[in-house]
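Only one structure is covered here, and it is reproduced in the block below.
The values are calculated or read from the model by the stated rules, or taken from the named source; none is laboratory data. All values derive from a computational prediction rather than experimental measurement. Virtual Cβ from ideal backbone geometry, glycine too; neighbours counted across all protein chains shown.
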Amino acid sequence: MKEEKKESPIGILWGWGKPYHGKFIGSIALAVLGVACQMVPYFCVAHIVTLMLSGDQNFSHYTAACVIALCGYLGKVIFSNLSTTISHTATYYTLRDLRENITAKLARVPMGTILDTPSGQYKTTIVDRVEGMEPTFAHLIPEMTANVLVPLVIVVYLFVMDWRMALLSLVTLVVGLAVMSAGMKSYPVKWEGAVKAGK
């Protein structure tokens, strides 16, 4: 007998937000533009350093680079805020639909089950658990996508320029992961202690 393939948690969430996919995709596109604009000042600084090392004394070249860097920063602020606004709007509509679906299902539950279940449990499910999905919908989907996509494009660009430089830049990633994994070794013990303290 063939086992059914389980859908991923992100896939389930994406399915719940199906009526608002256009808004979420627009939010992701704006978030990507925001992160791309955030990179502009770094390129401008690199350009300014190149001009200084080449002995360029034309002040207008430096002014132009500074103006472009400022435009990049402003673009980052504008696109990021627009992305957050759109994603939050789509998220609140999605959470509203989820609550309506839960209460509609509640109307079909046998009366005995409703009487046997504490009202606080319904409140926790309908209010708290649904509200807990807000950061994932409003922030994780657009921001994580943008913050992963842009660095990948930069890595590809580095490989196109010089594969040795690209490999060297990935060394910091390996070192960072090694340090993080070393710090996470004691995490289960500390987490267990935190849970006991919470109880």
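Looking at region 149-163, which of its residues are assigned to a helix (DSSP H, G or I) and exposed (fewer than 12 other Cβ atoms within 10 Å of the Cβ)?
Within region 149-163, Leu152, Val156, Tyr157, Val160, Met161, Trp163 qualify.
Answer yes or no as to whether Val189 is modelled with pLDDT under 85 and closer than 30 Å to Asn81 by Cα.
The answer is no for Val189.
Give Ala146, Ala166, Ala138 a once-over and let me know the one that is surrounded by 13 or more Cβ atoms within 10 Å (Cβ to Cβ), within 20 Å of Met39 (Cα to Cα) and free of Cβ contacts under 8 Å to residues at least 60 places away in the same chain.
When all the criteria are applied, what remains is Ala166.
Within region 93-111, which residues are touching a residue at least 24 places away in the same chain (Cβ under 8 Å) and among the hydroxyl-bearing types (Ser, Thr, Tyr)?
Tyr93, Thr94
Please find, among Leu70, Leu82, the residue that is assigned by TED's automatic domain parsing to the domain that holds Thr136 and either exposed (fewer than 13 other Cβ atoms within 10 Å of the Cβ) or within 17 Å of Met144 (Cα to Cα) (or both).
Selected residue: Leu82, the only one of Leu70, Leu82 that is assigned by TED's automatic domain parsing to the domain that holds Thr136 and either exposed (fewer than 13 other Cβ atoms within 10 Å of the Cβ) or within 17 Å of Met144 (Cα to Cα) (or both).
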